[in-house]
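Read through the structure below, which is laid out as structure tokens, and then see the notes.
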Amino acid sequence: MSTIVKGRRIGLNGDRAVAYAVKQADVDVISAYPITPQTIIVEALAEYVNNGELNAAFIPVESEHTALSAAVGASLAGARVFTATASQGLALMYEILWIAAGLRTTIVMALGNRAFSPNINIHCSHDDAYAARDTGWIQFFAENVQEAYDLTLQAFRISEDKRVLFPSIVNLDGFILTHSLEGLYVLDDKDVKDFLPPKDPVNPIDPESPKTYGPLDLYDWYIEHKRQQAEHFNNTLPIIEEVFNEYYELAGRKYTPVKTYGMEDAEVAIVVLGSSAGSVRYVAKRLRRRGRKVGVVSLTLFRPLPVEEIIEVLSSVKVVAVMDRSYSFGSPGAPLFLDINAALSNAKERPLLFNVIYGLGGRDLTPDHILAIYDRAEDIARSGEVKERQIWVGVRG
């Protein structure tokens with residue numbers, strides 16, 4: 001993101017920044033169930049509706065499963081729809097995540113990233129984001145409160161583009177971003193209105209022209225329909241980049257699917273998602289001042305995965321540490337590691353990779369942890385051998 005900014009500067013935490021963006025998007029329906037750490041989002045939106053600042057239907061449902069079910073119905077009826085959840089709430093929605101994507105709804109969801117139980121933990125892991133990764137939702141990761149606001153606005157613009165028509169998730173790390181107060185720049189309401197598409201739904205539910213949604217689809221056609229969905233989803237990447245460029249013209253803040261630091265001559269690099277990217281970048285800057293050729297790659301866009309850009313920035317590096325704030329039991333690597341490994345699988349030149357498990361349940365990632373990861377990567381570069389494919393950092397004992 002560039003340092004050139006436009007708009008009015010205010011102070012908000014991440015949850016309220018998302019709610020402010022949703023209000024400016026002039027949504028028609030909010031269907032949500034409160035769950036920490038996203039509760040502030042729906043509380044703020046309820047206040048906006050109650051105070052007459054937002055003309056929307058706020059549906060206080062009895063569970064997250066119903067919240068997303070109601071959102072699907074509202075989207076199919078032609079409404080601009082928002083919901084929010086976290087952790088166990090997304091787990092309860094899981095059945096409907098697939099339905100929302102398969103029916104090509106344009107719901108935007110904020111996901112306050114939180115660890116799955118057991119044991120009960122209300123702090124950050126990326127378990128919920130990873131659980132949704134295969135369902136057909138576009139996924140963005142915010143690094144800070146400004147990005148949470150900006151990406152929410154862009155998610156509405158992208159999802160409702162008639163060339164896209166897929167739901168979107170904006171991930172923001174629980175408590176680290178959801179509850180942290182930061183200064184951010186917000187756009188004028190008129191500029192937001194001009195940026196977002198007109199409310200012109202495609203094939204909405206119409207009693208005068210009945211249609212069938214989600215019918216029985218057996219082996220004679222199901223695979224063809226899934227292939228169509230896959231092709232359309234994969235074709236969204238250039239449209240997402242197009243909207244990022246349009247937003248830059250509007251707001252002066254540049255977004256790209258892949259963000260890099262120091263990669264022009266890096267010999268070792270770290271790949272990371274979410275708020276930890278800022279900490280990794282801070283350490284990398286210190287190391288580069290000492291002459292060490294280290295780099296950082298962070299993904300703004302997690303789904304669809306920007307494979308070609310990943311290949312471009314990583315294929316010339318000797319060693320890559322892929323950091324996952326989650327774990328995949330019984331797998332040779334956690335989800336982001338597997339993605340990066342698969343993306344590089346057919347590259348003519350590819351680095352050695354190892355997986356770093358960190359920050360589960362909100363455990364702090366310190367500069368010393370990051371320094372140790374870079375040290376290990378440089379040791380591997382010198383030896384040419386990965387002795388441990390996966391390491392855990394910040395663990396006592």
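Worth pointing out:
- Residues of region 184-210 satisfying the condition of being of a type in the set (A, V, I, L, M) and at pLDDT below 95: Val202, Ile205
- Whichever residue in region 289-343 is more than 16 Å from Ala132 (Cα to Cα) and of a type in the set (Lys, Arg) and, among such residues, is farthest from the chain's Cα centre (by Cα): Arg290
- Residue list for region 49-75, restricted to those being crowded, with 20+ Cβ neighbours inside 10 Å and either under 21 Å from Asp189 (Cβ atoms) or charged (D, E, K, R) (or both): Leu54, Ala56, Glu64
- Boolean, Glu43 is surrounded by 18 or more Cβ atoms within 10 Å (Cβ to Cβ), farther than 19 Å from Leu187 by Cβ and either touching a His at 6+ places or on another chain (Cβ under 7 Å) or not hydroxyl-bearing (Ser, Thr, Tyr) (or both): no
- Residue within region 306-319 that is hydrophobic (A, V, I, L, M, F, W, C) and within 28 Å of His123 (Cβ to Cβ) present: no
- Taking region 377-388 as the range and being surrounded by fewer than 13 Cβ atoms within 10 Å (Cβ to Cβ) and either of a type in the set (Lys, Arg) or under 26 Å from Ala129 (Cβ atoms) (or both) as the test, the residues that pass are Arg382, Lys387, Glu388.
- For region 155-198, a tally of residues being within 22 Å of Glu241 (Cβ to Cβ), aliphatic (A, V, I, L, M) and surrounded by fewer than 24 Cβ atoms within 10 Å (Cβ to Cβ) returns 5.
- Residue check for Ile380: closer than 19 Å to Ile311 by Cα, assigned to a helix (DSSP H, G or I) and among the β-branched types (Val, Ile, Thr): no
- If the condition is being touching a residue at least 24 places away in the same chain (Cβ under 8 Å) and small (Gly, Ala, Ser), then region 267-311 contributes Ala269, Gly274, Ser275, Ser276, Ala277, Gly278, Ser279, Ala284, Gly295, Ser298.
- Only one entry in Arg281, Arg288, Arg292, Arg325 is under 17 Å from Glu147 (Cα atoms) and basic (Lys, Arg), namely Arg281.
- Residues of region 94-131 that are among the β-branched types (Val, Ile, Thr), in contact with a helix residue (DSSP H, G or I) (Cβ under 7 Å, 6 or more places away or on another chain) and more than 24 Å from Lys199 (Cα to Cα): none at all.
- Here Val395 meets each of (1) within 24 Å of Ser87 (Cβ to Cβ); (2) under 25 Å from the mean Cα position of the chain (by Cα); (3) surrounded by fewer than 21 Cβ atoms within 10 Å (Cβ to Cβ) with one exception, condition (2).
- Qualifying residue in region 361-375 (condition: touching a Lys or Arg at 6+ places or on another chain (Cβ under 8 Å) and closer than 25 Å to Asp134 by Cα): no
- Ala347 meets all of the listed conditions (1) out of contact with any helix residue (DSSP H, G or I) (no Cβ under 8 Å at 6 or more places or on another chain); (2) modelled with pLDDT under 95 but one, namely (1).
The values are calculated or read from the model by the stated rules, or taken from the named source; none is laboratory data. Just so you know, these numbers come straight off a predicted model, no measurement behind them. With ideal geometry, Cβ positions are generated from the backbone for all residues, glycine too; neighbour counts draw on all protein chains shown.
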